[in-house]
1. Which value at 222 nm does the chain reach when only helices count, each DSSP H run of 4 or more adding -39,500 (n - 2.57), with the total divided by all residues and rounded to the nearest 500 deg cm²/dmol?
2. Using all alpha carbons of the chain, what is the percent of pairwise distances in each 10 Å bin, ordered from the shortest bin to the longest?
3. Please name whichever of Gln40, Asn16, Pro50 sits farthest to the positive end of the charge dipole of region 1-59, dipole taken about the Cα centre and charges placed at Cβ: Lys and Arg +1, Asp and Glu -1.
4. About its Cα centre, what dipole magnitude does the chain give when the only charges are +1 on Lys and Arg Cβ and -1 on Asp and Glu Cβ, stated in debye to the nearest 20?
Amino acid sequence: MQFLIRLSLSGGGRPNTEMEGRAFIENYIFPTLKRCIELQKERKIIAGGPEVGAIALSLILEAPSAPELDNMIASLPLWPRMETSVTPLTTFEDRQRSVDAVLAMLESRTHTHKTVDALR
């Protein structure tokens, strides 16, 4: 299953001094980028990347279950300092089947109403 993940730096996560900035880059940014490259090579990150001009990531991850997805997200060194949102995605084919079922239900209702009206 695919998930859209957005991680953005939480309000108190931004470094305040030059020394904190260097430590932040060395201890969080670089290791997170390295981990994302690994996940991409493993084909677990299938799209996305760092957002331009922000300390944020937008990723599409492939995971068979929520616990495995949770483990991937938690494996990012920057994760504890980030606000994270997760959106499960469906496929275009699954959405087509879902919409087809809704259409069939609506057509059935329309047919039922026409039959009832004809009997009156």
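1. -15000 deg cm²/dmol
2. Reading the bins upward from 0: 12, 33, 20, 12, 9, 8, 4, 1, 0.
3. Among Gln40, Asn16, Pro50, the one farthest towards the positive end of the dipole of region 1-59 is Gln40.
4. Magnitude of the dipole: close to 180 debye.
Here, each number is a calculation from the coordinates, and none is a lab measurement. Predicted model only: the values in this text are computed from it and were never measured. Note that each Cβ is placed from the backbone with ideal geometry, even for glycine, and that neighbours are counted across all protein chains shown.
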